[in-house]
Amino acid sequence: MAEKPVSTAATPQTLTIALQNKSNESNVYAYVTGLAIDNGNRYSFLQADGRTLYTPASPSQTGAPLAADVAIPLGGPGSTKNVTIPRLAGGRIWFSFGAKLTFKLNPGPGIVEPSVTNSSDPNININWNFTEFTFNDYQLFVNLSYVDFISQIPLAISITNTAGQVQSSPGMAANGFSTVVSELRAQASRDGRPWDRLIYSANGNPLRALSPNNLFVSDGNAWGDYWDGYVNQVWSKFQSQDLTVNTQAGAGNLTGRVSNNVLSLGSAGTFSKPNAKDIFSCSTGPFQTGDNAARNAVIPRLAAAFNRSVLLDTNTTPNGSSPGNYYKNPITNHYARIVHQVQKDGRGYAFPYDDVVPDGGSDVAGVLFDSNPTLWTVAVGGN
């Protein structure tokens, strides 16, 4: 994620979260996890009462069960369950329909969370989803994440602060996932690429759609040369034209060209041609971060420009394009395109740097943050 502004004012020590069942499902369970900031950043759960923190001890063997009940029942359709959290970093609120999720412990302790790519995971055929958050000394930061997958379960989030101001991200409609499935299948028919293989079904029914990056887990060559033609066009363009990347950080604007088959961007160094893995993951090859601050600021903006396929349309990024120009090229991150298409307001975190925006531009990732929150509301079900 790109850095977000924070306030110097201290947030409250605890926060109330209203968990709303806006679905037609009677058996909905929530799980709240995160690193307890005031307890050595140790991985912790809220227990079933929605207020008591459980910090697991290290077990003697792998795959050990939790020693506490951490499934918070929401109640039937239309009900609201209020829970209270302390300050947590790297947090998630998980939801499951129809069955409880299984978390396990390894020595350390290491937490074995539900997986969408491990076929032997006990949760693989359960309908579940999550939203991400950090609640620290400075702010509550929350977002709807589709970086790993998009679930059949829609989520919506809102923050109310001490001034009574409300900001929200409404997420996907109740029937949005059916559009995801049909659009992925249609795109596979159009270009012959494995977009339809992103769809995971249980008992013959589509349950979730994985991100393109997660398809590499089962098939390392799933995307083959998908991005090569587009990357070659970009490299050809910037052999004779300048590319300017606004780092939106201390390095300012960095301008350069392609020479000897690498893109040189001043103090950020050189970038080789990215391949499909590099672009979809935003973290390998030329997009691997390191100790160079300028380079680390360029990487999110360059990776986002590739995923959105805007580099042939502009010579400056991210300031040279707006959301209306994203995903227009036939070679693009169609998973991200479809994720945004099915959101009620178009906002959703569809790849690792989807929060990159032009200076003064509007958020497209569905992120919310506030330094004086009084209530965080998470609605599950899309109704």
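The values are calculated or read from the model by the stated rules, or taken from the named source; none is laboratory data. Given the structure is predicted, the values throughout are model-derived calculations rather than measurements. Positions of Cβ are generated from backbone atoms using ideal geometry, with glycine treated the same way; all protein chains shown enter the neighbour counts.
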Self-check item: Members of segment 269-286 found to be within 11 Å of residue 353 (Cα to Cα) and free of Cβ contacts under 8 Å to residues at least 60 places away in the same chain, listed by number
Solution: 279
Exercise. Go through the residues of segment 118-133 one by one and say whether even a single one is in the same structural domain as residue 197 (by TED's automatic domain parsing), of a type in the set (Gly, Ala, Ser) and either closer than 23 Å to residue 55 by Cα or touching a strand residue (DSSP E or B) at 6+ places or on another chain (Cβ under 9 Å) (or both).
Key: no
Practice problem: Identify, from the list 161, 221, 175, the residue that is in the same structural domain as residue 337 (by TED's automatic domain parsing), surrounded by fewer than 21 Cβ atoms within 10 Å (Cβ to Cβ) and modelled with pLDDT under 95. | Solution: 175
Quiz item: Of all residues in segment 361-376, which are among the hydroxyl-bearing types (Ser, Thr, Tyr) and either surrounded by 23 or more Cβ atoms within 10 Å (Cβ to Cβ) or outside any strand (DSSP E or B) (or both)?
Solution: 362, 371
Practice problem: Among the numbered conditions (1) at pLDDT below 95; (2) assigned by TED's automatic domain parsing to the domain that holds residue 146, tell me where residue 320 comes up short. | Solution: (2)
Quiz prompt | Selection within segment 141-191 - free of Cβ contacts under 8 Å to residues at least 60 places away in the same chain, among the small types (Gly, Ala, Ser) and over 30 Å from residue 372 (Cβ atoms) | solution = 151, 178, 182, 186, 188, 189
Practice problem: Please report, ordered by residue number, the strands (runs of 3 or more DSSP E) entirely within segment 226-268 with at least 2 residues that are crowded, with 20+ Cβ neighbours inside 10 Å, touching a residue at least 60 places away in the same chain (Cβ under 8 Å) and among the hydroxyl-bearing types (Ser, Thr, Tyr). | Solution: none
Quiz prompt | Failed item in (1) assigned to a loop (DSSP other than H, G, I, E, B); (2) assigned by TED's automatic domain parsing to the domain that holds residue 197; (3) crowded, with 18+ Cβ neighbours inside 10 Å, with residue 346 passing the rest | solution = (3)
